[in-house]
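No lab work stands behind these numbers, since they all come straight from the coordinates. Just so it is clear, the model here is predicted, and its values are computed rather than measured. Positions of Cβ are generated from backbone atoms using ideal geometry, with glycine treated the same way; all protein chains shown enter the neighbour counts.
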Amino acid sequence: MWPVIGAELAARVGAAGEVTTVTWVPTPRVRAHRRGGDHAAHLARDVAQRLGRDCVRQLDVAVSSEGERYVPAVGCRHVDGATILLVDDVLTSGRTAARAALVLRASGVRDVWLAVAARAGSHALLAA
């Protein structure tokens, strides 16, 4: 399944020449275990391979009483001025992707592009 979706997603990323690295919005371990893995990670690896880019875990996820929050992964290589393609499997409100992008930008990444396989719901996207 992932290779088919990854091929389509990679084909739709128009200006891949500007993308330095591919990363993903990580799924908390408990949820990934229930779902049979971190789908966004599988998808990101496939997209990166098709684009000829490195796929690097740039984010970790911590679940607190307030919900999920994303932090830079320990030992990750944030490159000042880099353009990162952030991959997620499903976009619902846009809040998670926005938070992840803010963390990447705060670590020195210049631009964050978002690629998602699916969008849930028909409501307006929220970027905060």
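The modelled label-to-label distance for the pair R95/E18, using points 7 Å beyond Cα in the direction of Cβ, is 2.9 nm. Gain on full extension, evaluated as 0.36 nm per residue between A120 and D80 minus their Cα-Cα distance, stands at 11.1 nm. A cut-off under 15 angstrom between Cβ atoms defines the neighbours of L43, and their net charge, with Lys, Arg +1 and Asp, Glu -1, is +2. Between L102 and R34, the FRET efficiency from the beta-carbon distance, with R0 = 41 Å, is close to 0.90. Summarising the label geometry, the points placed 7 Å from Cα in the beta-carbon direction at R45 and E8 lie 2.1 nm from one another.
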